[in-house]
1. I'm checking my understanding of the structure. Among residues of region 336-360 that are open to solvent by less than 10 Å² (accessible area, probe 1.4 Å) and under 15 Å from GLU402 (Cα atoms), which one is farthest from the chain's Cα centre (by Cα)?
2. Anything in region 335-368 that is aromatic (Phe, Trp, Tyr) and under 19 Å from LEU428 (Cα atoms)? List them, or say none.
3. Out of the residues in region 90-113 that are aliphatic (A, V, I, L, M) and not in a helix (DSSP H, G or I), state the one that is nearest to ARG229 (Cα to Cα).
4. Six or more apart or on different chains, Cβ atoms under 9 Å: show the pairs whose first residue is in region 370-388 and closer than 20 Å to PRO327 by Cα and whose second is open to solvent by 60 Å² or more (accessible area, probe 1.4 Å) and among the charged types (D, E, K, R).
5. Restricting region 114-127 to residues that are among the hydrophobic types (A, V, I, L, M, F, W, C) and part of a helix (DSSP H, G or I), which is farthest from ILE163 (Cα to Cα)?
6. Let me spell it out: the conditions are (1) out of contact with any Leu (no Cβ under 8 Å at 6 or more places or on another chain); (2) not in a strand (DSSP E or B), and MET374 meets all of them except one. Which number is the exception?
7. Taking ALA186 as meeting all but one of (1) open to solvent by 40 Å² or more (accessible area, probe 1.4 Å); (2) under 30 Å from GLY149 (Cα atoms); (3) of a type outside the set (Lys, Arg), write down the number of the exception.
8. Is there a residue in region 394-404 that is among the hydrophobic types (A, V, I, L, M, F, W, C), part of a loop (DSSP other than H, G, I, E, B), free of Cβ contacts under 8 Å to residues at least 60 places away in the same chain and open to solvent by 20 Å² or more (accessible area, probe 1.4 Å)?
Amino acid sequence: MQMNGLVKWLAVYVLFLLTGTVSAQHPKDDIKQNIRRSANSLMAYPGPQQRKLTPAPQGKQPFYISHYGRYGSHHLLQKEVFDAPYQVLDVADKAGKLTAKGQDVKRRLYKIRDDAYEELGELTLTGVRQQQMIAQRMVERFPEVFEDGTNVDARSTTVTRSILSMEQFLLQLTRMKPHLNVYHNASHRDMVFLNQQDRQLMKIRMDSMTQKRYNEFTKRYDKFNHLMRTLFNDMSYVKQHVDAKRLNDDLFMLASNMQNTELRNNITLYDIFTDQDLYYNWIKQNAWWYINYGSCSLNGGTQPYSQRNLLRKIINDADSCLKLKKPGVQLRFGHDVVILPLACLMDINHWGLATHRLGALGENGWNCYRIVPMAANIQLVFYRSNPDDQDVWVKVLFNEDEATLPLPDNDGPYYRWADFRSYYLKKLDDYEKQ
């Protein structure tokens, strides 16, 4: 390698080290390092890992931001996830079949149920803080966009936790910049792009062959002996009266979501699982998310196109806004089942990966906890030198870190808007022609 090439390579590598964007280690090690990562989509938002953003192209300044964000941390939605495991342990306790640990877990479950009482699916204080901090960093990173009089257009799906996420985001913006012109709404009219439901694609997500392959894959990780022996003192009782798989799944979901509540510093359920248990639960759920919303080749690899309306809307809105002298900010708030397929449709950070090898997802970088934690977000930040500048560039921040796109002859993080829109509009047109 020539000396100047070596110097350039070292410079890039050092930048990656400083920004924290070096390729992640194997998920098994990731999870062992931080067990909360096993939660997949229930992982609390970790915040940006990149400390310093790449300087803009010479003479360019940010002037417009287009955003889509998932709602923040919330209580679980399903009442039965709280009730069912408690009832199983309560019945076993009355029969004298729980270990001391099992009795302690039962007491913890009672407190967890009580904490979520009448607040199923609702935003928690952790979720509030996440949205406020994302808004704060957006203003601090791109102050040029938030001048007095800037228009902020915010739209949310009609789900309460999504609306509250939008409101908390806007409250923080207006605390920092009280002279913004803010419009916000949550209308069924916007649901066609904020949370598109494609019935044709939904029909083939888990067709019979895909379901069969998924069941075969997950069966090898259905290992519940340690958990059952931790909770119960009689394995014959477990065999006759306990659905070990369901109990495991419910307890793991509760353990995963504790990090999103105010109980997280006082109660844990992670201690009833081994490192291997956590990894096995993670790998099964990670594969489920990939099949249902990623480019999984088992079901045709087309599930990300469920969000084609949203991507086209983002592009069309940007085209309109770029004609304005002060286009401002567009904020959209919605769901994990939207932002994950959108990220795959855009092939951000190579998450458009198409494969049938479910066990190899993690080592290929497709890790749900990195893509769609609570409050996951995509920010498109646009740059130009002045209102008459037609050479507009765009940068994608995914979870507030600079991300790569599959645009040819450009390795990012800045891309010409003309190349961006041409590439993705062609991709959408080609799909719709089919």
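1. Restricting attention to region 336-360, the residues satisfying the condition of being open to solvent by less than 10 Å² (accessible area, probe 1.4 Å) are 338-346, 348, 360.
Then drop every residue that is not under 15 Å from GLU402 (Cα atoms), which leaves 343, 346, 348.
Details: ALA343: 9, MET346: 15, ILE348: 13 Å.
Checked region 336-360; the qualifying residue farthest from the chain's Cα centre (by Cα) is MET346.
2. Kept after step one, since they are aromatic (Phe, Trp, Tyr), are these residues of region 335-368: 351, 366.
Result: TRP351, single match.
3. First pass over region 90-113, keeping only residues aliphatic (A, V, I, L, M): 91-92, 95, 98, 100, 105, 109, 112.
Then drop every residue that is not not in a helix (DSSP H, G or I), which leaves 95, 98.
Working: ALA95: 16, LEU98: 9 Å.
So the residue we want is LEU98.
4. Final answer for the pair search is VAL381/ARG141; PRO387/LYS325; PRO387/LYS326.
5. Step one: filter region 114-127 for residues among the hydrophobic types (A, V, I, L, M, F, W, C), giving 116, 120, 123, 125.
Filter once more, keeping what is part of a helix (DSSP H, G or I): 116, 125.
Values: ALA116: 19, LEU125: 15 Å.
The residue in question is ALA116.
6. (1)
7. (1)
8. The initial filter retains those residues of region 394-404 that are among the hydrophobic types (A, V, I, L, M, F, W, C), namely 394, 396-398, 403.
When the remaining residues are screened for being part of a loop (DSSP other than H, G, I, E, B), the result is 403.
Those left that are additionally free of Cβ contacts under 8 Å to residues at least 60 places away in the same chain: 403.
If we keep only those that are open to solvent by 20 Å² or more (accessible area, probe 1.4 Å) too, we end up with none.
No; the residues of region 394-404 include none that is among the hydrophobic types (A, V, I, L, M, F, W, C), part of a loop (DSSP other than H, G, I, E, B), free of Cβ contacts under 8 Å to residues at least 60 places away in the same chain and open to solvent by 20 Å² or more (accessible area, probe 1.4 Å).
The values are calculated or read from the model by the stated rules, or taken from the named source; none is laboratory data. Note that this is a predicted model, so its numbers are computed, not measured. Neighbour counts are summed over all protein chains in view; Cβ atoms, including those assigned to glycine, are modelled from backbone coordinates with ideal geometry. Heavy atoms of the whole protein, side chains included, go into the accessibility calculation; ligands, DNA and RNA do not. Shrake-Rupley method; radii C 1.70, N 1.55, O 1.52, S 1.80 Å.
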